[in-house]
Amino acid sequence: TKIDSLHAEEIVNSFFPKAKDKVFGTITSNLKLSGNGTLPQSVKKNLIADGDFNIRDGKITNAEIAKQLSLFLNVRELETIHFRKADGTVKIKNGIARLNSLFKSDDIAMDPKGNIGLNETLDLAFDLKLSPRLTERAVTSKIGKYMKDEGGWGTIPLLVSGTFSD
């Protein structure tokens, strides 16, 4: 299948109901899909997919991890993460989506890699990079002074595991 333009929230809301209304943007994708079943649980269990995706003008909002990072780093812009573009690959087999991606904006970059279970489990690792402007505000936090590179960008390594609910 080739998707030329679809709202990302339609895909997220369908496959990950507990993440409903958290991911937005316009997605394009090339996917090879196979599977069987008609009920949602059967489809999730039997789905096999391999492809790439692009998301433009997106945002991640109402995510508990973003709220907690915003508080911890004292950077309100992390409550809703806006990104200009995201690119990546996804492979789905045995109810698990293997993700390798890169999200970018003027102020934030992150490269989530890992597994997202179609049962809504998470096991992702990535570096969250903050622009010099946001890093300066985070420097007042307890870890801010340790996270700057020579260009002033801050890097925070993250491991996200659990479920969408947690």
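The values are calculated or read from the model by the stated rules, or taken from the named source; none is laboratory data. Treat the numbers as computed from the prediction; the structure is a model and nothing was measured. Positions of Cβ are generated from backbone atoms using ideal geometry, with glycine treated the same way; all protein chains shown enter the neighbour counts. The accessibility values were calculated without ligands, DNA or RNA, using every heavy atom of the protein model including side chains. Shrake-Rupley method; radii C 1.70, N 1.55, O 1.52, S 1.80 Å.
A few points about this structure:
- Restricting Thr135, Thr80, Thr121, Thr89 to residues that are touching a strand residue (DSSP E or B) at 6+ places or on another chain (Cβ under 9 Å) and within 18 Å of Ser161 (Cα to Cα) narrows the list to Thr121.
- Of all the residues in the stretch 43-63, those that are open to solvent by less than 40 Å² (accessible area, probe 1.4 Å) and under 18 Å from the mean Cα position of the chain (by Cα) number 7.
- The one condition in (1) touching a residue at least 24 places away in the same chain (Cβ under 8 Å); (2) within 30 Å of His82 (Cβ to Cβ) that Glu9 fails to fulfil: (1)
- Verdict on Lys129 being open to solvent by 50 Å² or more (accessible area, probe 1.4 Å), out of contact with any His (no Cβ under 9 Å at 6 or more places or on another chain) and at pLDDT below 95: yes
- Looking only at residues in the stretch 97-115 that are surrounded by 17 or more Cβ atoms within 10 Å (Cβ to Cβ) and farther than 19 Å from Ile156 by Cα, the one that is nearest to the chain's Cα centre (by Cα) is Leu99.
- Within the stretch 64-94, considering residues that are part of a loop (DSSP other than H, G, I, E, B) and touching a residue at least 60 places away in the same chain (Cβ under 8 Å), the one least open to solvent (accessible area, probe 1.4 Å): Val75
- Within the stretch 7-42, being outside any loop (DSSP other than H, G, I, E, B), out of contact with any helix residue (DSSP H, G or I) (no Cβ under 8 Å at 6 or more places or on another chain), open to solvent by 50 Å² or more (accessible area, probe 1.4 Å) and hydrophobic (A, V, I, L, M, F, W, C) holds for Ile11, Leu33.
- Candidates are the residues of the stretch 116-126 that are in a strand (DSSP E or B) and not hydroxyl-bearing (Ser, Thr, Tyr); the one that is most open to solvent (accessible area, probe 1.4 Å) is Asp123.
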